[in-house]
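The values are calculated or read from the model by the stated rules, or taken from the named source; none is laboratory data. These figures come from a predicted structure and were not determined experimentally. Glycine also receives a Cβ, built like all others from the backbone with ideal geometry; neighbour counts cover every protein chain displayed.
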């Protein structure tokens with residue numbers, strides 16, 4: 001069995017066998033949206049929430065004619081064809097192939113592609129224990145970060161800077177110093193026992209793990225505030241952590257070479273990580 005199986009318009013094949021038109025608008029313009037799901041024990045995690053966000057993205061850029069339930073069935077068929085246990089699902093829908101013009105083409109059939117690949121959590125798991133370092137960089141992205149678009153060049157550039165600095169991520173800030181989110185993660189801070197994260201109205205992606213952790217914290221009696229933070233305030237928080245589909249809860253112990261608090265993962269970060277892991281186990285046992 002190939003380590004990665006793709007599904008293109010309902011046809012399952014090795015990923016390397018996928019062929020897409022050079023005139024596909026996802027390739028030419030980034031005229032497409034995507035989702036990434038984590039699979040635990042063969043089951044997609046927070047599946048409904050991901051599909052709701054995919055629908056939001058499709059509606060926002062006006063791609064029509066996509067049967068989401070059919071696409072969802074294809075995802076499960078591809079998972080079962082593995083079969084996959086610990087895996088990641090990537091889904092991408094483009095406006096389709098047409099002669100290169102900026103305006104929407106007429107009667108174009110959207111391209112529906114997904115693939116499933118085995119996922120090795122080892123490197124990230126180590127970071128959850130030791131904590132990771134991040135850098136801060138200017139937010140140079142476009143003005144609709146609520147859409148999970150494949151237009152990710154700005155994210156790629158700042159994440160490359162993080163990689164070259166030996167950091168796990170780059171947290172982004174606006175011209176006035178207001179922090180938004182990270183290049184491919186949400187982030188949370190803790191101060192005096194309260195959890196704080198950027199509000200959705202501040203033009204950030206509605207992170208699925210972000211939403212789940214807010215709910216988890218509220219159920220645990222942890223005060224949650226949705227408010228923006230300035231870059232200089234970041235160095236005075238008690239805890240900082242990243243949140244994402246594959247990172248789950250990833251404590252940050254240093255920013256721009258400066259330690260956060262005592263330079264170790266904090267108690268609330270650990271508590272939420274344990275809560276996330278318990279919830280995954282509960283879902284698996286509910287089969």
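Table for the structure above
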{"item": "Residue in the stretch 99-117 that is outside the structural domain of residue 188 (by TED's automatic domain parsing), modelled with pLDDT of 95 or more, in contact with a strand residue (DSSP E or B) (Cβ under 9 Å, 6 or more places away or on another chain) and on the phi > 0 side of the Ramachandran plot present", "result": "no"}
{"item": "Condition met for residue 67 (out of contact with any helix residue (DSSP H, G or I) (no Cβ under 7 Å at 6 or more places or on another chain), more than 15 Å from residue 118 (Cα to Cα) and either crowded, with 17+ Cβ neighbours inside 10 Å or without any contact (Cβ under 8 Å) to a residue 40 or more places away in the chain (or both))", "result": "yes"}
{"item": "Options 257, 266, 275; residue that is on the phi > 0 side of the Ramachandran plot and either within 23 Å of the chain's Cα centre (by Cα) or not assigned by TED's automatic domain parsing to the domain that holds residue 87 (or both)", "result": "257"}
{"item": "Tally, over the stretch 43-57, of residues that are more than 14 Å from residue 114 (Cβ to Cβ) and either part of a strand (DSSP E or B) or touching a residue at least 24 places away in the same chain (Cβ under 8 Å) (or both)", "result": "7"}
{"item": "Hits in the stretch 2-21 - residues which are part of a loop (DSSP other than H, G, I, E, B), on the phi < 0 side of the Ramachandran plot and in contact (Cβ under 8 Å) with a residue 60 or more places away in the chain", "result": "3, 18, 20, 21"}
{"item": "Lone qualifier among 222, 214 - being without any contact (Cβ under 8 Å) to a residue 60 or more places away in the chain, in the same structural domain as residue 253 (by TED's automatic domain parsing) and in a loop (DSSP other than H, G, I, E, B)", "result": "222"}
{"item": "Subset of the stretch 129-158 that is more than 23 Å from residue 232 (Cβ to Cβ) and in contact with a strand residue (DSSP E or B) (Cβ under 6 Å, 6 or more places away or on another chain) - its residue that is surrounded by the fewest Cβ atoms within 10 Å (Cβ to Cβ)", "result": "150"}
{"item": "Residue match in the stretch 273-285 (condition: part of a loop (DSSP other than H, G, I, E, B) and in contact with a strand residue (DSSP E or B) (Cβ under 8 Å, 6 or more places away or on another chain))", "result": "no"}
{"item": "Selection within the stretch 29-42 - crowded, with 19+ Cβ neighbours inside 10 Å and not in a loop (DSSP other than H, G, I, E, B)", "result": "32, 33, 35, 37, 38, 39"}
{"item": "Failed item, numbered, when residue 103 is tested on (1) farther than 30 Å from residue 279 by Cβ; (2) touching a residue at least 12 places away in the same chain (Cβ under 8 Å); (3) surrounded by fewer than 18 Cβ atoms within 10 Å (Cβ to Cβ)", "result": "(2)"}
